[in-house]
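Novice: My questions all concern the structure below.
The values are calculated or read from the model by the stated rules, or taken from the named source; none is laboratory data. These figures come from a predicted structure and were not determined experimentally. Here the Cβ is made from the backbone with ideal geometry for all residues, glycine too, and neighbour counts use every protein chain on show. Side chains included, ligands, DNA and RNA excluded: accessible areas come from the protein's heavy atoms. Shrake-Rupley method; radii C 1.70, N 1.55, O 1.52, S 1.80 Å.
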Amino acid sequence: MAVIRTTCPYCGVGCGLLVHPDGRGGWQVRGDPDHPANRGRLCSKGAALAETLDLQDRLLHPMLHGRRVSWETALDVVARRFCDTIAEHGPEAVAFYVSGQLLTEDYYVANKLIKGFLGSANIDSNSRLCMASAVAGHQRAFGEDVVPACYEDLELADLVVLVGSNAAWTHPVLFHRLQAARQARPESRLVVIDPRRTVSCEGADLHLAIRPGTDAWLFNGLLEYLRRQGAVDWAYLEAHVEGFAAALAAAEGLSIPAVAERCGLQADQVATFYRWFAAIPRTVTLFCQGINQSSSGSDKVNAILNVHLATGRVGRPGAGPFSLTGQPNAMGGREVGAMANHLAAHMGFTAEDIDRLRRFWRAARLATGPGLKAVDLFQAVRSGRIRALWIIATNPVVSLPESNRVMEALAGCPFLVVSDVTASTDTARLAHVLLPAAAWGEKDGTVTNSERRISRQRPFLPLPGEARPDWWIITQVARRMGFAEAFNYAGPADIFREHAALSAYENGGARRFDLGPLADLDTPGYDRLAPTQWPVTGDPGSARPYADGRFGTSTGKARMLPILPRLPLHPAGAGQPLILNTGRLRDQWHTMTRTGKSPRLFAHTGEPCVVLHPDDVTARGLEVGALASLRSAHGEILVRVDESPGLRPGTVFVPMHWNDSYTASGRVNVLVGAVTDPVSGQPEYKHAPVAVTPYPAAWFGFLLTREAGAPPPVPYWSRVTARACTRYELAGTSQGLPDEALLLTWLGGREGLMELRDPAAGRYRAARVHAGRLEAVLFIDAHRQRLPARHWLEGLFEAERLEDAARACLLLGRAGTPEQADRIVCACHGVGERALTAAIAHGADSVEALGRGLKAGTGCGACVPELRALLRRASQVNAVTA
Ligand code: SF4
């Protein structure tokens, strides 16, 4: 088989991949050296894609009320129930909830069906949760949702301001490009604005550990500073911007000391940032969820856009505000209008656009006003207003705020359809109809990355079972509803051509989103389509759409907005004194349905955790490695305690990935209130008041098992994918050992069982060997510190036959080594923190030296900031002890 060029299904960097058989029945995935986004590089997630292609947990057949049915039956039921609901309750009673994981072609037909033919605008994307504030900011400032910069600008910039983003983990390949550019030009500067000191701060010239929620004051203060210092580009404002007088007036008088006090920063830090921004014309401000996921996210975005407009730093090489997208095709969803308040092809609910779209689609029943945004949409399900819901490629029971209420809402929804690749997500478990969708590697279509570059996702695997592409499923339902003519596509190329034609339809330069020349692509041309940036107009300015200073507003001028900063709606208080911030880890993706299959991706962080400042750990009687419960007004979770001096005291961080398939009680969005930005509807994920208290575990333990069955029914369990077994970390509050029958169930029976039981000490150790092969290991202990490290025991599962020497040590857990599980830093080469620390102690004094000695950091490079942190920590220790 020839090498297939395709695109990574994870983050918005949109890296190109080369996929080919590995000669051993599997696949090899490499970075595509010719793709302009990544030029051959991949991060740990992309590099581990080949490990995630198995069919375990796949949904392979349509299911109706838990029973397998034919596609005919499933599609008929979906079409009929949606038609009946509309007939009885009107179009507002139905909704679709879709995803940035969808390909543009899937997105396009979903949006066309519900808005154009069912007459409802109740379609929203999970992109609402990650970049809706950036979209609103762009529309308010530029008149259209257009990212005005490109990746190359990061390399050309003399100053990069990274705000609300841990790009080293969330967009690793792009961050690597930035780091490489800084190495080539050491005089360029990096400022990181983030309440946490993340790995993205390694090597930064300035880190502003801002008080959560105060970013708009910082940027308003910058606007005022620019005015006072004469750094405003008045000629640009006069020619290309309106509203600047009001914007400047709103910021007037905001002094550096006032900003510093409000933002919890040192005045000299603020002054340094302002001085650099004023003096360095080539400045890119890169922003992401830390800005967007806020009850004032849109205003924060516009505060950033204001300073760029005030200095004319928009659409110039090395200068511009740059919103990063989280998902692989969040941008594609924006293009097709798969959000409740947009129409397709960057059109809105104006009379002109509605008429234009109705004519283009020959739409029987075009929605004429915005629908419900994500949070409102699920509240409408809960209240019974929405009675038929189709969720496609997303898991809102994990990802939406107040997720327990979302679960209740879905459980009570009269008709719930879920299309997914995974059989049993937290959301799929509630569905009346489950539709098996094609997964990455099987799908065929396009995605658009953060810099507006359209790339092909090409299939290299056959469709397994009865799985079908999302566009096919949606169009089949549409045909059954009576819209056969409008949804008569032979394949994704047909849909793409229509999408491209719509973008150019009666456009005349009014909308920058224009794929006109691609509307005539024949199918072989679509198959060959090389990565292409929009606007696709043949104009060389497509890399920086506003280079000409002409914007998408009615006057052609950009708008600066007066920003009146607001604090988050719910401050910390007596009952919930800490502020919870949620976010991504380096090696996991969303709800782990794919990355959770890869042992090496689990090696970096294996369990759900809460990270606190060491002072808070002490003050709250917590213990690193033990468990803590987090409580808010909305729910409770149970996770492992970790600490970092990089957290601001009074704040905590919990990763967003864990769900009911991987832990007993770790869905962090259970804690987050459904507070949204009034303009964008984006929820406030970065500022939830919580209480953190020690969990009174009476025992801790772990189970290693070759056959991963149902998780043990104990108060705390978390599942970790190891190389040849599954590991469950366990804890409980009942005194004494768990019931013997229970222990035997976990171990898989008594046959071949070795046991060591010491009830007085609260200790139980057992291993089961069958036909010479290790099948299960269970260790329980009243003292967590007495449990051995897991790596040696896990490694024994890789052998088909257990050696006598290993068998003799089994219940010692490698001679009783106390628990000090090594943390894997370099996922590509499996290099742990202990080996790195030892190498540094033996003289390795640079990232390059660690790479030469241990290969660490020589794969995807995503761990390089952590290697730098280890080196820096060691040099600080040496300086203190010298
Ligand atoms: Fe995929 Fe990593 Fe590239 Fe993002 S940076 S697209 S996750 S390989």
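Novice: Yes or no: Val679 closer than 30 Å to Met339 by Cα, open to solvent by 50 Å² or more (accessible area, probe 1.4 Å) and at pLDDT 95 or above?
Specialist: Yes, satisfied.
Novice: Further question: Taking segment 346-393 as the search range and keeping residues that are small (Gly, Ala, Ser) and within 24 Å of the chain's Cα centre (by Cα), which one is least open to solvent (accessible area, probe 1.4 Å)?
Specialist: Ala374
Novice: In the set Ala697, Ala688, which member is small (Gly, Ala, Ser) and open to solvent by 10 Å² or more (accessible area, probe 1.4 Å)?
Specialist: Only one candidate qualifies: Ala697.
Novice: Another one. Can you tell me which residue within segment 490-507, out of those that are over 27 Å from Gly549 (Cβ atoms) and touching an Asp or Glu at 6+ places or on another chain (Cβ under 8 Å), is surrounded by the fewest Cβ atoms within 10 Å (Cβ to Cβ)?
Specialist: Gly491
Novice: For segment 426-470, give me each residue that is more than 15 Å from the ligand (Cβ to nearest atom), open to solvent by 30 Å² or more (accessible area, probe 1.4 Å) and under 30 Å from Ser542 (Cα atoms).
Specialist: Asp444, Arg458, Pro459
Novice: Looking only at strands (runs of 3 or more DSSP E) that fall completely inside segment 691-768, which ones have 2 or more residues that are in contact with a Pro (Cβ under 9 Å, 6 or more places away or on another chain)?
Specialist: Details: elements: 699-705, 716-721, 726-732, 753-758.
Per the criteria, 699-705, 716-721, 726-732.
Novice: Take Cys8 and decide whether it is within 22 Å of Thr422 (Cα to Cα), within 14 Å of the ligand (Cβ to nearest atom) and either of a type in the set (A, V, I, L, M, F, W, C) or surrounded by 24 or more Cβ atoms within 10 Å (Cβ to Cβ) (or both).
Specialist: When the stated conditions are applied, Cys8 passes them.
Novice: So, one more: Among the numbered conditions (1) at pLDDT 95 or above; (2) in a loop (DSSP other than H, G, I, E, B); (3) within 13 Å of the ligand (Cβ to nearest atom), tell me where Arg30 comes up short.
Specialist: For Arg30, the exception is condition (2).
Novice: Taking the conditions exactly as written (open to solvent by 40 Å² or more (accessible area, probe 1.4 Å), of a type in the set (A, V, I, L, M), more than 14 Å from the ligand (Cβ to nearest atom) and part of a loop (DSSP other than H, G, I, E, B)), does Ala87 satisfy them or not?
Specialist: no
Novice: Oh, and also: Of all the residues that make up segment 73-129, how many are farther than 18 Å from Thr475 by Cβ and under 26 Å from the mean Cα position of the chain (by Cα)?
Specialist: The total comes to 12.
Novice: Just to be sure before I move on: is Ala799 open to solvent by 30 Å² or more (accessible area, probe 1.4 Å), among the hydrophobic types (A, V, I, L, M, F, W, C) and within 40 Å of the chain's Cα centre (by Cα) in the structure I sent?
Specialist: On the way: open to solvent by 30 Å² or more (accessible area, probe 1.4 Å): yes; among the hydrophobic types (A, V, I, L, M, F, W, C): yes; within 40 Å of the chain's Cα centre (by Cα): yes.
Yes; evaluated as a whole, the condition is true for this residue.
Novice: So His207 clears everything in (1) within 30 Å of Pro562 (Cα to Cα); (2) touching a residue at least 24 places away in the same chain (Cβ under 8 Å) except one condition, right? Which one?
Specialist: With respect to (1) within 30 Å of Pro562 (Cα to Cα); (2) touching a residue at least 24 places away in the same chain (Cβ under 8 Å), His207 is out only on (2).
Every residue, every condition in (1) buried (at least 19 other Cβ atoms within 10 Å of the Cβ); (2) touching a Leu at 6+ places or on another chain (Cβ under 9 Å); (3) closer than 17 Å to Pro321 by Cβ; (4) of a type in the set (Gly, Ala, Ser), yes or no:
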site: Ile256; (1), (2), (3), (4): yes, no, no, no
site: Val259; (1), (2), (3), (4): yes, yes, no, no
site: Phe273; (1), (2), (3), (4): yes, yes, yes, no
site: Trp276; (1), (2), (3), (4): no, yes, yes, no
site: Val284; (1), (2), (3), (4): yes, yes, yes, no
site: Phe287; (1), (2), (3), (4): yes, yes, yes, no
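Novice: For segment 849-859, which positions are surrounded by 24 or more Cβ atoms within 10 Å (Cβ to Cβ) and touching a Gly at 6+ places or on another chain (Cβ under 8 Å)?
Specialist: Answer for segment 849-859, where residues must be surrounded by 24 or more Cβ atoms within 10 Å (Cβ to Cβ) and touching a Gly at 6+ places or on another chain (Cβ under 8 Å): Leu850, Gly857.
Novice: When you check Leu18 against the structure, is it within 20 Å of Arg458 (Cβ to Cβ), within 16 Å of the ligand (Cβ to nearest atom) and outside any loop (DSSP other than H, G, I, E, B), yes or no?
Specialist: Answer is yes for this residue.
Novice: Here is a further query. Going through segment 33-69 one residue at a time, which ones are farther than 25 Å from Ala437 by Cβ and more than 10 Å from the ligand (Cβ to nearest atom)?
Specialist: Pro33, Asp34, Pro36, Arg39, Gly40
Novice: Still on this structure, I have one more. From the residues in segment 773-786 that are open to solvent by less than 10 Å² (accessible area, probe 1.4 Å) and out of contact with any Gly (no Cβ under 6 Å at 6 or more places or on another chain), which one is farthest from Ala805 (Cα to Cα)?
Specialist: Asp781
Novice: A further question follows. Does at least one position in segment 709-729 carry a residue that is among the aliphatic types (A, V, I, L, M), over 39 Å from the mean Cα position of the chain (by Cα) and open to solvent by 60 Å² or more (accessible area, probe 1.4 Å)?
Specialist: no
Novice: Next question, about the same structure. Taking segment 558-609 as the search range and keeping residues that are among the β-branched types (Val, Ile, Thr) and within 24 Å of Thr214 (Cβ to Cβ), which one is surrounded by the fewest Cβ atoms within 10 Å (Cβ to Cβ)?
Specialist: Here the answer is Thr582.
For every residue, the table says whether it meets (1) in contact with a helix residue (DSSP H, G or I) (Cβ under 7 Å, 6 or more places away or on another chain); (2) acidic (Asp, Glu); (3) modelled with pLDDT of 90 or more; (4) open to solvent by less than 20 Å² (accessible area, probe 1.4 Å).
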position	(1), (2), (3), (4)
Arg750	yes, no, yes, no
Met754	yes, no, yes, no
Ala767	yes, no, yes, yes
Pro788	yes, no, yes, yes
Glu794	no, yes, yes, no
Ala815	yes, no, no, no
Arg823	yes, no, no, no
Gly832	no, no, no, yes
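Novice: If Gln101 satisfies all but one of (1) farther than 28 Å from Ala558 by Cα; (2) outside any loop (DSSP other than H, G, I, E, B); (3) within 16 Å of the ligand (Cβ to nearest atom), what's the number of the condition it fails?
Specialist: (2)
Novice: Would you point out the residue of segment 508-557, among those that are loosely packed, with under 15 Cβ neighbours inside 10 Å and of a type in the set (S, T, N, Q), that is nearest to Met347 (Cα to Cα)?
Specialist: Ser554
Novice: Is there any pair linking a residue in segment 683-710 that is of a type in the set (A, V, I, L, M) to one that is open to solvent by 10 Å² or more (accessible area, probe 1.4 Å) and part of a strand (DSSP E or B), with Cβ under 6 Å and at least six apart or on different chains, and which?
Specialist: Qualifying pairs under 6 Å: Ala691/Arg631; Leu704/Arg727; Ala708/Thr726.
Novice: Further, regarding this structure: Can you pull out every residue in segment 284-333 that is over 27 Å from Cys8 (Cβ atoms), assigned to a strand (DSSP E or B) and touching a Ser or Thr at 6+ places or on another chain (Cβ under 8 Å)?
Specialist: Result: Ala319, single match.
Novice: Ok, one more. I'd like the full set of residues that are assigned to a loop (DSSP other than H, G, I, E, B) and of a type in the set (Lys, Arg), limited to segment 355-402.
Specialist: Arg362, Arg365, Lys373, Arg385, Arg387
Novice: Go through segment 39-67 residue by residue and tally those that are of a type in the set (Lys, Arg) and loosely packed, with under 14 Cβ neighbours inside 10 Å.
Specialist: So the answer is 1.
Novice: Do the conditions hold for Ala87, that is, is it farther than 25 Å from His176 by Cα and among the small types (Gly, Ala, Ser)? Reasoning before the result, please.
Specialist: Values: farther than 25 Å from His176 by Cα: yes; among the small types (Gly, Ala, Ser): yes.
Answer is yes for this residue.
Novice: Considering only residues that are of a type in the set (Ser, Thr, Tyr) and part of a strand (DSSP E or B), which ones fall in segment 526-575?
Specialist: Residue satisfying the conditions is Thr532 alone.
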